[in-house]
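Presented below is the structure to which this report refers.
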């Protein structure tokens, strides 16, 4: 049988086997091992004269093919369970993997060769679109933050302020304070989270000078969470939350 091949077209034994399978139009899952082995050995005879440097890996594959051929010729043991593995299975798996990477390599080469023909314009989105931010998902944002825990911290701070009150002098009358404005507390929290360091919810409320300031500060934190300007992360070292500015 005469069989001519172009030697420099194959990168390795698996590449040659895939060529023989395609050339003979056989099913890769049911390789006629005798036919493929015979043609493979003919190729090795040609290689002895032209590609001695690459012969070793092809000889290893030749030995593998002969081993598979021998196992297929031997009678199968009668085990009765029908679970005998096909001697070609491992080779088929290697061939399929090699073909997959070969196809991927070809796709990448085509992309690289044509990449110099593509040009991308600069981004020119309308200013309104660039400024758009998706709405804040409060359920996801506050999944570890419950109103009960926040309220408990707030209640502790209020009780602490009450304990500090001088019961004797408190009956002398009160000096009217300027009303605490929500806008001022919003700005205060915004400025706080921009400063370096670790800022906790408990320490923020603890610096308030009155019950009214505690309540207004608490409302300011809730509003900034709602607008997505800050978020709270759980402090693992204590029953508290860390204030973090939105990125």
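I'd like to check which helices (runs of 4 or more DSSP H) are fully inside region 109-203 and have at least 2 residues that are modelled with pLDDT under 80.
Here the list reads 127-131, 138-141, 147-164.
Can you confirm whether residue 71 is modelled with pLDDT of 85 or more and more than 38 Å from the chain's Cα centre (by Cα)? When the stated conditions are applied, residue 71 passes them. Of the residues making up region 46-68, those that are assigned to a helix (DSSP H, G or I) and either on the phi > 0 side of the Ramachandran plot or at pLDDT below 80 (or both) are 46, 47, 48, 49, 50, 52, 53, 54, 55, 56.
A count restricted to region 82-108 and to residues that are modelled with pLDDT of 75 or more and not in a helix (DSSP H, G or I) stands at 4. Working only within region 187-199, note down all residues that are more than 31 Å from the chain's Cα centre (by Cα) and within 16 Å of residue 218 (Cβ to Cβ). Once the filter is applied, which keeps residues that are more than 31 Å from the chain's Cα centre (by Cα) and within 16 Å of residue 218 (Cβ to Cβ), region 187-199 yields 187, 188, 189, 190, 192.
The values are calculated or read from the model by the stated rules, or taken from the named source; none is laboratory data. As the structure is a computational prediction, the values presented were derived from the model and not from experiment. Backbone-built Cβ (ideal geometry, glycine too); neighbour counts: all protein chains shown.
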